[in-house]
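The values are calculated or read from the model by the stated rules, or taken from the named source; none is laboratory data. Keep in mind that this is a model prediction, so the values were computed, not measured. Here Cβ is always computed from backbone atoms with ideal geometry, including for glycine, and neighbour counts include all displayed protein chains. Surface areas here come from the heavy atoms of the whole protein model, side chains and all, with no ligands, DNA or RNA. Shrake-Rupley method; radii C 1.70, N 1.55, O 1.52, S 1.80 Å.
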Amino acid sequence: MKKYLIIILVLVLTCGCVRVNTISIEDLVDRTINSKYKMYNHVNSGYKYYLPRTLQSVVTDEYNEIIKSKYYDYYLYVDLVAYHTKKTSVYEEDSSIFYSKLITNDDISGVLNVKDVGEEYLIKIIYNYAKIEVRCKKNDLNEVVSNSLVILSSISYIDDVISNLLNKNDFSSAEEQVNIFENDSSDINYLDEIDDTYTGNEEEDYDPNVIKERG
């Protein structure tokens, strides 16, 4: 009986992985941002979101995070000033790159850009007053896009905390921050704009099932 249960579990997990890797990017985007499930297991100053189990936030400052998977680094930028002022931006699809799609759900909009940079894809997703940038191997594109969209679409902003932070001038002015909402698919590395020194502490306390408070 135990042997059969293990076989069934393997089949279920395998089918789940195949589905993510074989579904079109367009369907992947639509299903993720339209999901009705709103959960979070990671909290930062002014916002919270759901961090997929295979990822770990390793470096955090006021509005940036470095999130690591086994093979890739995801660079998350959150613009609390833009959220607080309800800044609106206009996005356009870029027909000159591998894939570009506008993302819209209710009153939230953004854009997904995927650029072919040789053996890898450069992925830049702007959505919900935040941005994720990551490079990945071509056969991991769907998984990386899925992880990024899960994070961005699950971000929930904590209004009272943001107001307090802004009132205390704990944040730099909007002009001093990286303009993460610039719809630019060029191969510019935004990572130079932040202190991305990795602590190297792979064993730090991390439980994806427990809310992790920071700040």
Exercise. Only one residue in Asp116, Asp79 is of a type in the set (Asp, Glu) and either without any contact (Cβ under 8 Å) to a residue 12 or more places away in the chain or under 21 Å from Val20 (Cβ atoms) (or both). Which one?
Worked result: Asp116
Exercise. Is there a residue being open to solvent by less than 50 Å² (accessible area, probe 1.4 Å), among the aliphatic types (A, V, I, L, M) and out of contact with any Asp or Glu (no Cβ under 9 Å at 6 or more places or on another chain) anywhere in segment 36-44?
Worked result: no
Seminar exercise, completed: Within segment 132-146, residues surrounded by fewer than 24 Cβ atoms within 10 Å (Cβ to Cβ), assigned to a helix (DSSP H, G or I) and in contact with a strand residue (DSSP E or B) (Cβ under 9 Å, 6 or more places away or on another chain) come out as Lys138, Asp140, Leu141, Glu143, Val144
Exercise. Across segment 143-193, what is the number of residues that are touching a helix residue (DSSP H, G or I) at 6+ places or on another chain (Cβ under 8 Å), within 13 Å of Asn113 (Cα to Cα) and modelled with pLDDT of 90 or more?
Worked result: 2
Problem set entry | Selected residue (criterion: modelled with the lowest pLDDT) from residues of segment 24-35 that are surrounded by 10 or more Cβ atoms within 10 Å (Cβ to Cβ) and either in contact with a Lys or Arg (Cβ under 8 Å, 6 or more places away or on another chain) or among the hydroxyl-bearing types (Ser, Thr, Tyr) (or both) | Ser35
Exercise. Is it fair to say Glu93 is touching a Ser or Thr at 6+ places or on another chain (Cβ under 7 Å) and open to solvent by 50 Å² or more (accessible area, probe 1.4 Å)?
Worked result: yes
